[in-house]
Amino acid sequence: MNRTLLVVITGPPATGKTCLGKLLARKYFLPYFSKDIFKEMMFDRAGDIDWEASRFYSKTSIDTLNIITKELLSNQVSHIVEANFKTESHTPYLQALKNEFAFDLVQVQLKCEGQVLTRRFKERATSGELHPGHQGLRFFEHLKHTLAKGEYEPFEIDSEIIYVDTTDLSKVDYDFLFKTIESKML
């Protein structure tokens, strides 16, 4: 019998996390939860917010993802979670889960060249496609260093780590990612 699978998708804003999460959920019929699902619900109820409120909503949304993840793993339900998880805060959480439950972890680290990512973020922020709660460019100054770096450090935990470079979206090859996930689902 195969083990439960947890796919964690992370990376800076505008690297393609949500698109990839939805693609994997459809392809493998796995439940998918993202930070923005919960954060946007809070935006709808709060209206215009400042940077500190946005950070609070982000942390609350990630806490919600953590609750869902723990509940699903306790019931041996494979699933996908997606957010801009930080290694320093999320590694201890994932390690605690690994200590409590038997599951395979695949971390998908999305990255993008900094100038491309900054341009993509600005284009997306002014496109009208994002939920208005994300505030467009209003919080750009808080994010510009993260965007310029273009990637996060991986979680320091025993897991499969797959890096996906989304600098040129027309050249992204998901085959290795698909094969890795499929090998865990056998």
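The values are calculated or read from the model by the stated rules, or taken from the named source; none is laboratory data. Nothing here was measured: the structure is a model prediction, and the numbers come from that model. Using ideal geometry, Cβ is built from the backbone for each residue, glycine included, and neighbour counts are taken over all protein chains shown.
Structure notes:
- Per-region count, region 45-63, residues outside any loop (DSSP other than H, G, I, E, B), of a type in the set (V, I, T) and surrounded by 15 or more Cβ atoms within 10 Å (Cβ to Cβ): 1
- Scanning region 125-151 for residues that are charged (D, E, K, R) and either modelled with pLDDT of 85 or more or over 22 Å from A46 (Cβ atoms) (or both) returns K144, K149, E151.
- Just so you know, in region 29-38 the residues that are modelled with pLDDT of 95 or more and surrounded by fewer than 17 Cβ atoms within 10 Å (Cβ to Cβ) include one that is farthest from F178 (Cα to Cα), and it is P31.
- Screening L143, L147 for residues that are farther than 23 Å from D104 by Cβ, in contact with a Ser or Thr (Cβ under 6 Å, 6 or more places away or on another chain) and in a helix (DSSP H, G or I) leaves exactly one candidate, L147.
- Just so you know, in region 1-17 the residues that are in a loop (DSSP other than H, G, I, E, B) and either among the aromatic types (F, W, Y) or under 17 Å from H79 (Cβ atoms) (or both) include one that is nearest to the chain's Cα centre (by Cα), and it is R3.
- Of all residues in region 84-118 being touching a helix residue (DSSP H, G or I) at 6+ places or on another chain (Cβ under 6 Å) and at pLDDT below 95, the one that is nearest to L6 (Cα to Cα): L117
- Qualifying residue in region 33-44 (condition: touching a Phe, Trp or Tyr at 6+ places or on another chain (Cβ under 8 Å) and part of a loop (DSSP other than H, G, I, E, B)): no
- Every test in (1) farther than 20 Å from L24 by Cβ; (2) in a helix (DSSP H, G or I) is passed by S127 save one, and that test is (2).
- Consider region 139-164 and keep the residues that are under 23 Å from L94 (Cβ atoms) and among the small types (G, A, S). The one that is farthest from the chain's Cα centre (by Cα) is S159.
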